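The next block holds one structure in the form of C-alpha cells; read it before the comments.
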Amino acid sequence: MALTLNDITELLHTQGSNQYGGEAVSQLEHALQCAYLAEQAQETAHTITAAFLHDIGHLLSAGKRSDLLLTPAPNGDDLHQYIALPFLRTVLPDAVLDPIKLHVDAKRYLCAVDKRYWSTLSDASKKSLELQGGIYSDEQAEEFESRRFAQESARLRRYDDCAKTPGAWTPPIEHFIEILYSVASGGQNVNI
Ligand SMILES: [Fe+2]
Ligand SMILES: [Fe+2]
C-alpha cells in the first residue's frame, strides 16, 4: 500500500480538476496556490511539499483508492487529513507527513489562539470546523503546540485558508513536482 511519486503526479493530473469542497477553485488550483504561498513565505521544501499535498486525501477518495481504508466519521467528517498518510509514508519524511496530518487540527488551534482567525474562514471552512470537532479549548491548544511540526502546520493552515482565489497566478504543477521529488530523494535536510 504505497503511492509512487508517479502515482501522486498522475492523481493530481487526473483528479485535480475536481472542485475544492464548497470553494470557487479546483483541487489542483488550491494545491498550487497553497504551495506557492508557502514558497513565497520562504518555507522549507518540506513545508512547501506538505502545502502542495495537504488535501491529497480528497483526491484519493475521489479516485476510490482508499475506500477500504477509512470511512467518514458518523457525523460526516471526511477525515481527509489522515487518508493519504499510509500511502505516502514510504516516500516522504515526517516533516511533510505531519503538517498534512495536522492541518485540520491547526484550524481548531488557530481559532483558539487568534480571536480574529475564525472570522477570516470561508463559510465552507466554518461549517467543516464544526464537523471536525470545533474550536480547541486552552488545554487542547497547549497540547497541540507540543506536537512535532505544530508551528509548520499552523503556518500551512494560513496558506491553506488563503489558497482559494479564482484565477490567481501560480507556477505550473511541474515546479512543485520537482520540489516533491527533491524532498523524496533527499531525506530531512533538503532546502530549496
Ligand atoms: Fe484540508
Ligand atoms: Fe486545503
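Just flag the trypsin sites (Lys or Arg not before Pro) in region 83-192 sitting in loop per DSSP whose Cβ has no more than 16 other Cβ atoms within 10 Å.
Arg89, Lys115, Arg116, Arg147, Arg148
If you take the Cα atoms of region 125-192, find Rg, then find the Kirkwood Rh from the mean of 1/r over all pairs, what is Rg/Rh?
Dividing the radius of gyration by the Kirkwood radius yields 1.07.
Please report, in debye to the nearest 20, how large the charge dipole of region 5-189 is about its Cα centre when each Lys and Arg carries +1 at its beta carbon and each Asp and Glu carries -1 there.
160
Taking the Cα atoms of the chain, report the difference between the largest and smallest coordinate on each principal axis, in whole Å and largest first.
Result for the chain: principal-axis Cα extents of 40, 34, 33 Å.
Rounded to the nearest 500 deg cm²/dmol, what is the calculated helix-only ellipticity per residue at 222 nm for the chain, with -39500 (n - 2.57) per DSSP H run of length n ≥ 4?
-17500 deg cm²/dmol
Tell me, what is the per residue accessible area of the chain in Å², probe radius 1.4 Å?
Each residue of the chain exposes 48 Å² on average to a 1.4 Å probe.
Give, as a single signed number, the net charge of other residues whose beta carbon lies under 15 Å from the beta carbon of Glu139, with Lys and Arg counted +1 and Asp and Glu -1.
For residues surrounding Glu139, the net value is -3.
How much of the accessible area of the chain, probe 1.4 Å, is carbon plus sulfur, in whole percent?
52
Could you work out how far the C-alpha centroid of region 1-45 sits from that of region 126-149, in angstrom?
24
The values are calculated or read from the model by the stated rules, or taken from the named source; none is laboratory data. Here the structure is a predicted model, which is why all the values come from computation and not from measurement. Methodologically, a virtual Cβ is constructed for each residue, glycine included, from the backbone with ideal geometry; neighbour enumeration extends over all protein chains shown. Side chains are part of the model used for accessible areas, which takes the heavy atoms of the whole protein and leaves out ligands, DNA and RNA. Shrake-Rupley method; radii C 1.70, N 1.55, O 1.52, S 1.80 Å.
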